[in-house]
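Each remark here refers to the structure printed beneath this line.
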């Protein structure tokens, strides 16, 4: 403290106080913008993604502006003193916070490169979920289990990211079904098609397709349909699965009998139900035979 | 011509009859989900015994050239698994008799939009006529025509004598058109619901009734309500009714995959909000004054896809 006073402490303390006030004001402003945006979105759902992305952009601009103001304040106080106080620690902190800096630089690139945006469903490494927030340090995902995962921005660059809806509110959902080879394909296709188009989550603006693939252990069906809002992805899959199973429960045998879940070398877990197909899997389907509903 | 698909169908039928064409008329008044039900309806219209598909096809072919008018075709399906049997049977009969019969069908626009998208329904028909909503002038003229027939002194003043109404009544009719989305039937119902009876003044001696008058009060429009605050299940319920037409609690339960008790609660709540009305035949439909705001809201929420509706894409 004595050293600080010797270097012109009152000026520095004032500058630090002003900087803190600017930072707090920025944080408050960002909070208010968030609240206003969410209220707007609750009334105009279709514009949710656009609004959330604008908010993120405004946030970055505010961060940059705040950083600029704080640096100006500190330098105006007394640059040499500030550098003397901050400099020594900065070298140590910089080494310790190398990861943090990598994340921040990655965050800046995310804002300008836009590989995904708030509201998208993305996969980064082992994590899949809806992008809830993109900060300078990390991207927050909400997983299907409703958990929040904070993925460091540097991971987006090192692992790569896959966006399921690429900025659109609507999104394609692919639901997988595996049935015994003996089933009547046309009957199953009709039931799956009806289960998809009659779901309350189905978005009729886009086409629905039922794809069929013959595998050594089962006949695989893929329902490809759209939901109006990507947040309905899992309710849609659950709804289609439940109603299709209800309709098909009289068929015997419906499922393959001579295989078991988790068998080495099998491409899937055999049995009933459906699962979300990741974007990688969706690309694989594109080369397969398409049967019109 | 504004609104009224039934009136349109009747006009087409009359025109064909005048040209000495054989015309059959069918109205699918209630939901018919199975192929058997539709075949029975067709058999009844053809005045033959109910039978399998071949019986109906033969009956149509035996008639020779015939025009078949089918009203309210949106009742041939219910949006649930297994609910398209009636529609499939109808389309099957239709495409197999295209050389023997001239088919004219009417559909609710929301049902058409849905079926056209998923069933490629428009490929089954060579021509499509979209009835445009009635203009303010058409509605005004129509309501004035209706008023002439009843013993109440409520004709809106027409001092200019040009067949319209005075300027101070124009905003009322404009609002009426907005509330009814230009649907003539809905506008008339709104008008009638807006009128409250005022007894004739007792100045007449001799016990004559005189001419009573009506006070016109526009009911509060549901668009003034905040539909965005409706719970998701109630929104799904509204969307189901818009796309399927009038539904009972059992049908709503089947369509939205909820318990029937829950469906009944949804219907009761929506009726209490003024968004639905009881049809009196066991079903619920969108109330007259809620047509436009509910459809716009559902399209904006992407719960219903109808090209061209304000609020949609």
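Bear in mind that the values in this text are calculations on the coordinates, not laboratory data. All values derive from a computational prediction rather than experimental measurement. Glycine also receives a Cβ, built like all others from the backbone with ideal geometry; neighbour counts cover every protein chain displayed.
Which of rounded, prolate or oblate describes the stretch B:224-300 when judged by the alpha-carbon gyration tensor and an a/c cut-off of 1.5?
Numbers: a/c = 1.59, a/b = 1.32, b/c = 1.21.
It comes out prolate by the Cα gyration axes.
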Next item on the list: Within a 10 angstrom radius of each residue's Cβ in A:204-211, how many Cβ atoms of other chains show up on average? Whole number is fine.
Entry: 3
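Based on the mean of other Cβ atoms within 10 Å per residue, sort peptides A:227-235, B:243-251, B:15-23 so the most packed one is first. Numbers along the way, then the final one.
Numbers: A:227-235: 20.4, B:243-251: 22.4, B:15-23: 12.0.
Highest to lowest by the protection proxy: B:243-251, A:227-235, B:15-23.
Using alpha carbons only, what's the Rg to Rh ratio of the stretch A:121-163 with Rh from Kirkwood? If you can, show how the numbers build up before the last one.
Values: Rg = 9.1 Å, Rh = 9.9 Å.
Reported Rg/Rh, Kirkwood definition of Rh: 0.92.
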Check: So for the pair residue A:30, residue B:128, with labels modelled 7 Å out along Cα→Cβ, what separation do we get in nm?
Finding: 4.9 nm
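With a/c under 1.5 counting as rounded, go ahead and sort the stretch B:5-124 into rounded, prolate or oblate using the C-alpha gyration tensor (a ≥ b ≥ c being the square roots of the eigenvalues; past the cut-off, prolate if a/b is larger than b/c, else oblate).
Values: a/c = 1.77, a/b = 1.23, b/c = 1.44.
Because a/c hits 1.5 or more and a/b fails to exceed b/c, the stretch B:5-124 counts as oblate.
At a temperature of 20 °C and a viscosity of 1.002 mPa s, determine how fast the stretch B:108-147 diffuses translationally according to Stokes-Einstein, using the Kirkwood radius over alpha-carbon pairs as Rh; express D in µm²/s, rounded to the nearest whole number.
My calculation gives 171 µm²/s for D.
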Check: Taking the Cβ-Cβ separation of residue A:215 and residue B:27 as r and a Förster radius of 41 Å, what is the calculated FRET efficiency to the nearest 0.05?
Finding: 0.25
Checklist line | FRET efficiency for residue A:109 and residue B:88, using Cβ-Cβ distance with R0 set to 56 Å, rounded to 0.05 | finding: 0.55
Notebook entry, point to check: Distance in nm between label sites at residue A:20 and residue B:55, each 7 Å beyond Cα in the beta-carbon direction?
Noted result: 9.1 nm
Checklist line | Exercise: per-residue mean of other protein chain Cβ atoms within 10 Å, B:293-302 | finding: 2
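Calculated FRET efficiency, residue A:10 and residue A:65, Cβ-Cβ r, R0 35 Å, to nearest 0.05?
Working: r = 27 Å, r/R0 = 0.76.
For residue A:10 and residue A:65, the calculated efficiency is 0.85.
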